[in-house]
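What follows is one structure encoded as structure tokens, with my remarks underneath.
The values are calculated or read from the model by the stated rules, or taken from the named source; none is laboratory data. Everything numeric here is computed off the predicted structure, so don't read it as measured data. With ideal geometry, Cβ positions are generated from the backbone for all residues, glycine too; neighbour counts draw on all protein chains shown.
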């Protein structure tokens, strides 16, 4: 419809030359594409970083969920043990009740025997009393007989005294038996099971059986509570298992998203790389050329150190990273660390003034080990993880995606976009230009020049 409204141009004739096409500024197009791709790369790096953060959170939650599942299993095991213990306690109370019943029966037998003993003691008292009377009469008759009955009187007196002592002993026995009977009766009341037709209405059980009843009640309460807790733990465990499965599915989705973001980021970096490699200067060109110059300077400085005999080639290419005790993040030492501390700072520090955008300029060996960082990042650790992560960045191995790629790159240059971890959950979006460091024809590592967007 719009084409109908536009005025038609006359068709060219053989006598009318064609209008010249407007000139295309290829450099402007490349620079425009480079800026747009750089923005895409920044967004891709940000997306990848967010996904990576989410992955860490989900992994932490999965680990916490596994720990919770293990703890719930331990709780259920403990609750099962409580159930077994309460069952055993109830059985023990039942056995104790049976034993007490047997004791009550034995006590009743003892009371019966004591009653018989008391009756026998009463009989002895009566006999002793009668014996005393007989002995008294015999003593009276002996006195009447005069001298002839003296011997018989002595015997009668002795019998009377003996009968008196027997009577006293019998009464003592009867008194003691009465006290013992009272005590046994009190004990019998304590252990007696107050049931049956002989029990008066409203009578209470003995204290021992009341104690047994209280124990049974408490044990039953514990058992009911443990069973309820077991049921709750079972439901929580089932829910936890479901959440764990959901989180595992989320992990798989995040892995897929991470792979996609990695591919997206690599494509944007390749585009930036190819645009920077064209003959047209982009905003990244000065940093690429600068990092290549610095990489050559570092390589030359290390070659001169080898030539002077400051260290051997084996020392310079040492990969035995010895942990420094009590450091977090972990720091390491190598045989070339002291040499780089002496040679690299003048070269690296000069690059910090190359542009206000430059954040750091460091040399990494092929495994991402930074023996000597820029001075502002070479602060001794304080024991504060967030501060140490941001400020004690020397003597550390940065084997993340960006660090290893820059350290192992052997092409003329490499451009990357990434989020720099500053500790404490803080990140900064960066670009990084890297160039290989070669020493005596051998790849030693990479020069890393990071700058802000």
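List of remarks:
The rows are residues; the columns are (1) assigned to a helix (DSSP H, G or I); (2) under 30 Å from the mean Cα position of the chain (by Cα); (3) under 13 Å from residue 446 (Cα atoms).
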position: 314; (1), (2), (3): yes, no, no
position: 328; (1), (2), (3): no, yes, no
position: 340; (1), (2), (3): yes, no, no
position: 353; (1), (2), (3): no, no, no
position: 388; (1), (2), (3): yes, yes, no
position: 405; (1), (2), (3): yes, no, yes
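- Qualifying residue in region 285-305 (condition: part of a loop (DSSP other than H, G, I, E, B), surrounded by fewer than 20 Cβ atoms within 10 Å (Cβ to Cβ) and in contact with a helix residue (DSSP H, G or I) (Cβ under 7 Å, 6 or more places away or on another chain)): no
- Among the candidates 365, 388, the residue that is within 19 Å of residue 415 (Cα to Cα) and touching a strand residue (DSSP E or B) at 6+ places or on another chain (Cβ under 8 Å) is uniquely 365.
- Filter result (under 22 Å from residue 168 (Cα atoms), modelled with pLDDT of 70 or more and in contact with a helix residue (DSSP H, G or I) (Cβ under 7 Å, 6 or more places away or on another chain)) within region 105-123: 117, 118, 122
- Where a residue in region 67-86 is over 19 Å from residue 221 (Cβ atoms) and its partner, wherever it lies, is part of a helix (DSSP H, G or I) and modelled with pLDDT of 75 or more, with Cβ under 7 Å and at least six apart: 72/236
- Residue list for region 413-453, filter: under 19 Å from residue 351 (Cα atoms) and surrounded by fewer than 18 Cβ atoms within 10 Å (Cβ to Cβ): 452, 453
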